[in-house]
Amino acid sequence: MTHTTIHKERDLIGIGFGPANLALAVALAEMPGAKRLDWGFLERQDGFHWHRDMQIEGATVQISFLKDLATLRDPTSPFTFVNYLHHKGRLESFINLKQDAPTREEFTDYFRWAAAAFEDRVSYSETVEAVEPVLRNGTVSRLRVLSRNAEGVRSERLTRDLVVAVGGRPRIPALFEGLPEDRIIHTSSYLSRRDARIAGRGPVRVAVIGGGQSAAEVFFDVTQRFPEAEATLILRDHALRPADDSPFVNEVFDAAFVDAVHAMEAEARRDLIASMRNTNYAVVNHDLIERIYAMLYRQRVSGVEPHRVLAGRTIEAARERDGLLFDLRNAVTGEVVSEGFDVAILATGYRHDSHHRLLAGLAADLGGFEVDRFYRLKTPATYTSRIYLQGCNESSHGLSDTLLSILPLRAAEVVGDLTAAGSGRTLASAG
């Protein structure tokens, strides 16, 4: 018989402890209305990690350092990036850099520094397997969270309310399913698998699939780190496009814009989000585009050109044959050419639907997993337990939802909704 550890009941449990729920922890610790709440988090990883397989040397975050865990909510918070720099003794040096965007390595260290303050609130190496409703007198006033740790020990926890922020899972196009796993690498595991597949293997033919920031970073990293490799960047667009980060366009990531987006009719909202995709999707930092172009130009000067960018190409078929064989259609000429590679690195993004599996035990009550303005799932009147989703609401809240842009303000909205007197909106009343 499998033993299950029963833990104390809490007011709030958060599933996942990445940047979104870390910002929530900071807000819970600092906002006066949350002081009475008993809360904790469950995280499947063995510690705080953020995109650990894309910590490419020198790569920077794509936002201002002021868009940290707390500044937009409370600039005087001890959890700001500026206070982190002060504690680390690097504040003056960072100022001297005259750099708005920190490296990904430094921002990760900042997150870990903040996360260390909540060690007693987080159960790491704990994988949530299910969430079940607890029905009492016809009302779901508690939720049962079932999990398993790294040793296989099962745990059961009761909570009044729940916040789910589990990040994305790798998007693997169907075209690549069934191909040898040792030849297909998603960027989510790039650094862990890179050296084993490329280092010391001579002129390895590396295909990088995608036209966004991750694809460009990986392509450039391969060209610089493995001089014997032959790297090819394959993208559907006709060119690498720079991200539009101009001031007026950047306002789409402001908190006030979330109000406007959420209030729109669904079709108009879809059109707006699609029109602004060049702020975040399939676009690349301008400086990196220039470095890639300069590298390719130096190749042309030398007459030795192992690396290339194949733009305007669609992969129509992929199969195993002496490695990998891709059929590439040229969008301009229509010509289809077969190209062979030894390994393919997929910069094909992430799916943000893991909450469907986690909350499958509640699915009959949740309908289409629709959330209100304050990120709360719309539930039947029989529910007094509240469930919040973070990081998977782009279709209803706009492009900032999956990004770092508004973490502290969203966390404040969730905490504010949790602690509001008489808060108990249902499927019929949530707006």
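The values are calculated or read from the model by the stated rules, or taken from the named source; none is laboratory data. Fair warning: this is a prediction, and the values are worked out from it, not measured in the lab. In this analysis, Cβ positions are derived from the backbone assuming ideal geometry, glycine residues included, and neighbour counts consider all displayed protein chains.
Just one of (1) within 21 Å of Val145 (Cα to Cα); (2) assigned by TED's automatic domain parsing to the domain that holds Ala207 trips up Thr333, so point out which.
Every condition holds for Thr333 apart from (1).
Would you be able to tell me the number of residues in region 151-182 that are part of a loop (DSSP other than H, G, I, E, B) and touching a residue at least 60 places away in the same chain (Cβ under 8 Å)?
10
If Arg241 satisfies every condition in (1) of a type in the set (Lys, Arg); (2) at pLDDT 95 or above; (3) farther than 30 Å from Asp100 by Cβ but one, which is the exception?
Of the numbered conditions (1) of a type in the set (Lys, Arg); (2) at pLDDT 95 or above; (3) farther than 30 Å from Asp100 by Cβ, the odd one out for Arg241 is (3).
Which residues, taken from region 64-97, are aliphatic (A, V, I, L, M) and buried (at least 19 other Cβ atoms within 10 Å of the Cβ)?
If the condition is that a residue be aliphatic (A, V, I, L, M) and buried (at least 19 other Cβ atoms within 10 Å of the Cβ), then Leu69, Ala70, Leu72, Leu85 are the ones that fit.
So in region 197-213, with the set limited to residues that are surrounded by fewer than 19 Cβ atoms within 10 Å (Cβ to Cβ) and small (Gly, Ala, Ser), which one is farthest from the chain's Cα centre (by Cα)?
Top of the filtered list is Gly202.
Hey, could you check region 36-49 for residues that are part of a loop (DSSP other than H, G, I, E, B) and in contact with a Leu (Cβ under 9 Å, 6 or more places away or on another chain) and say which is surrounded by the most Cβ atoms within 10 Å (Cβ to Cβ)?
Phe48
Yes or no: region 357-379 includes at least one residue that is in a loop (DSSP other than H, G, I, E, B), outside the structural domain of Ser214 (by TED's automatic domain parsing), crowded, with 20+ Cβ neighbours inside 10 Å and charged (D, E, K, R).
yes
Working carefully through the options Arg298, Arg329, find the one that is part of a strand (DSSP E or B), within 29 Å of Asp244 (Cα to Cα) and free of Cβ contacts under 8 Å to residues at least 24 places away in the same chain.
Of Arg298, Arg329, the one residue that is part of a strand (DSSP E or B), within 29 Å of Asp244 (Cα to Cα) and free of Cβ contacts under 8 Å to residues at least 24 places away in the same chain is Arg329.
State whether the residues of region 266-282 include one that is of a type in the set (D, E, K, R), assigned to a loop (DSSP other than H, G, I, E, B) and surrounded by fewer than 18 Cβ atoms within 10 Å (Cβ to Cβ).
Scanning region 266-282 turns up no residue that is of a type in the set (D, E, K, R), assigned to a loop (DSSP other than H, G, I, E, B) and surrounded by fewer than 18 Cβ atoms within 10 Å (Cβ to Cβ).
Do we find a residue being over 30 Å from Ile15 (Cα atoms) and at pLDDT 95 or above anywhere in region 347-361?
Checked against the condition, which is being over 30 Å from Ile15 (Cα atoms) and at pLDDT 95 or above, region 347-361 yields no hits at all.
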